[in-house]
Amino acid sequence: MANTQLKLAILISYAIFAILLNSVGTVILQSIEHFHVTKVAASTLEGFKDLTIAVASFLLASLLPRLGYRRGMMVGLALVAMACALMPLLDSFWMTRLLFLSVGIGFALTKVGVYSFVGLLTDSPAGHASLLNLVEGVFMFAVLGGYWLFSNFIDPANPGSASWLQVYWWLAGAAIFNVALLATTPFDESAARDAAHPSSLAEDFTAMLRLAMLPATLIFVLSIFLYVLIEQGVGSWLPTFNREMLGLSAPMSVQAASIFAVGLGLGRLGAGAVVGRTGWYPLLCVCLAATAALILVALPLAGQHHGPPIQHWRDAPAAAFVFPLVGFFMAPIYPALNSTILSAMPQTRQSAMVGLIVVFSALGGTTGSLIIGRTFAAIGGSGAFYLLLIPILGVFLAMTRLRKLVESEA
């Protein structure tokens, strides 16, 4: 019963952060509309989120096994609940930056906890991959729900109004509820600590740095960095692409971006059933090839819209439906790479590796958003998204090298 309740609690925690983290694309759009900031200024929101995740993960990953993963998640959720409550009260762009800073700290605490709990709740590589794909699949369906949740609070007649800020009261309430759920869910986390060889916090931190220098780790974090650069580059700027390039109304721009999240969710849930039969490397090769092919097919369908905003789905261009499908083919890459490296190491070292995963995921997300944002402003949305073909090739080369290193160490 405790295991079931804990799984529910970590899924809800991950869902809350999925909505907040991936709301950055919607908030970029609304910051341009409501706060009247420039695209370059709006693109800094990704940095407030991801750089905070990177720094917090780097500093806290070694501490969390001592503090307790459950307690760490509760602290992160409480911090986010407070920041959400302040959003409609303060109604300013600087508070939006502080919100994403708080979300970054909270997610660093939560992701290390969630990934470590996956290792504690499973006892085989197949079980690990299955639960991790479930967690990441729920994450992406929560992203989908977040797009529609936010769009329901945007006034289509006046997209620059403050009505969209009321969504944060609901998110604050959800975070408070899950703090209470975690507080009533006891769980033995001792397996994540090496009781036979106790070490100091400084020694744990040094061990994480040594882990980061291993060849397999370096290639792995490079592949994670490049993948998240692609995913966040698309996710953060797709609503603005839909608004400015395809001419959709503000609510429709956010709703159309949810197709990307649907694809990611379905792809990750489906991959949990497929990866055991195909192996991770052949599956990811197919996924990368399909992602590149879809970009080359879909973007030529997107022209520059002229005229009033499109208000009805029957009038939306084909690109609004076709391009976001890249999410389905990208979906298995991230959890498969993570599961490959984590299931190959003992539980006592997984917290340090999760910390590195979160750090380089965050750096990749910030880099992707900034590159796409600046390229979007310079040459337009289609040119910015064509640029993603370069990191797609980089992921393929990195994971090919990673497979050889993992097999040689097995």
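Using a probe of 1.4 Å on the protein chains alone, the accessible area found for F48 is around 70 Å². With every protein chain in place and a 1.4 angstrom probe, the accessible-area ranking of E46, E244, largest first, reads E244, E46. Among 362-368, 128-134, 398-404, sorting by the average number of other beta carbon atoms lying within 10 angstrom of each residue, highest first, gives 362-368, 128-134, 398-404. Per-residue surface analysis assigns K7 an accessible area of about 80 Å², computed on protein heavy atoms at 1.4 Å probe radius. Roughly how many percent of the accessible protein surface of segment 212-358 is carbon and sulfur, given a 1.4 Å probe and a whole-percent answer? Heavy-atom surface of segment 212-358 belonging to carbon and sulfur, 1.4 Å probe: 71 percent.
Helix 93-121 axis versus longest C-alpha principal axis of the chain: approximately 40°, rounded to the nearest ten. The long axis of helix 347-379 is offset from the longest Cα principal axis of the chain by roughly 20 degrees.
Taking every C-alpha pair closer than 8 Å and separated by at least 6 residues, the mean separation divided by the residue count of segment 263-410 gives a relative contact order of 34 percent. Per-residue SASA remark: L181, around 30 Å² accessible (1.4 Å probe; ligands, DNA and RNA not included). Once the 1.4 Å probe is applied to the protein heavy atoms, segment 1-69 comes out at 33 Å² accessible per residue.
The residues of segment 272-410 have, on average, 43 Å² of accessible surface per residue, using a 1.4 Å probe with all protein chains present.
Which whole-number percentage describes the relative contact order of the chain, with Cα contacts under 8 Å and a sequence gap of 6 or more?
Relative contact order for the chain comes out at 27 percent.
Measuring max minus min along each principal axis, the C-alpha atoms of segment 249-375 give extents of 59, 32, 23 Å (largest first). Placing unit charges on the Cβ atoms of the charged side chains and taking the dipole of the chain about its Cα centre, the candidate lying farthest along the positive direction among L131, P156, A85 is L131. Divided by 2.2 N^0.38 Å, where N counts the residues, the Cα radius of gyration of the chain comes to 0.94. With a/c under 1.5 counting as rounded, go ahead and sort segment 88-192 into rounded, prolate or oblate using the C-alpha gyration tensor (a ≥ b ≥ c being the square roots of the eigenvalues; past the cut-off, prolate if a/b is larger than b/c, else oblate). Verdict is prolate for segment 88-192. Of all lysines in the structure, the ones whose alpha carbon falls short of 29 Å from that of K404, not counting any fewer than 8 places away in one chain, are K111.
The values are calculated or read from the model by the stated rules, or taken from the named source; none is laboratory data. Note that this is a predicted model, so its numbers are computed, not measured. As a convention, Cβ positions derive from the backbone with ideal geometry for all residues, glycine included, and neighbour counts pool all protein chains shown. Ligands, DNA and RNA are stripped out before the accessible areas are found, and what is left, the full protein with its side chains, is counted by its heavy atoms. Shrake-Rupley method; radii C 1.70, N 1.55, O 1.52, S 1.80 Å.
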